[in-house]
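Please read the structure below before turning to the comments.
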Amino acid sequence: MKCSDCESKLDRYVDRELNNTEALQVQLHLEGCPDCMDHYDFESKVKRLVKHSCECDTPPAFREKLRQLLS
């Protein structure tokens, strides 16, 4: 798998929306590619942060918390 193919599937991989074959291909690529693994780590952390923040904060507090965490 090429990095560009992996990157195009990362959103769906993080959200567990890929079929088993695609998920395995992405996982194997991530295990051998530090750059894509960094991209995956960042994307999954942002998604967890957004999910957590949306569950417990009002929009203004969410924006401020997100700003602080990303700076």
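Would you point out the residue of region 16-25, among those that are loosely packed, with under 11 Cβ neighbours inside 10 Å and not in a helix (DSSP H, G or I), that is modelled with the highest pLDDT? Result: Asn19.
Among residues of region 3-21 that are touching a residue at least 12 places away in the same chain (Cβ under 8 Å) and hydrophobic (A, V, I, L, M, F, W, C), those with a Cβ under 8 angstrom from a residue that is exposed (fewer than 12 other Cβ atoms within 10 Å of the Cβ) and in a helix (DSSP H, G or I), sequence gap 6+ or separate chain, pair up as Cys3/Asp35.
The values are calculated or read from the model by the stated rules, or taken from the named source; none is laboratory data. These figures come from a predicted structure and were not determined experimentally. Virtual Cβ from ideal backbone geometry, glycine too; neighbours counted across all protein chains shown.
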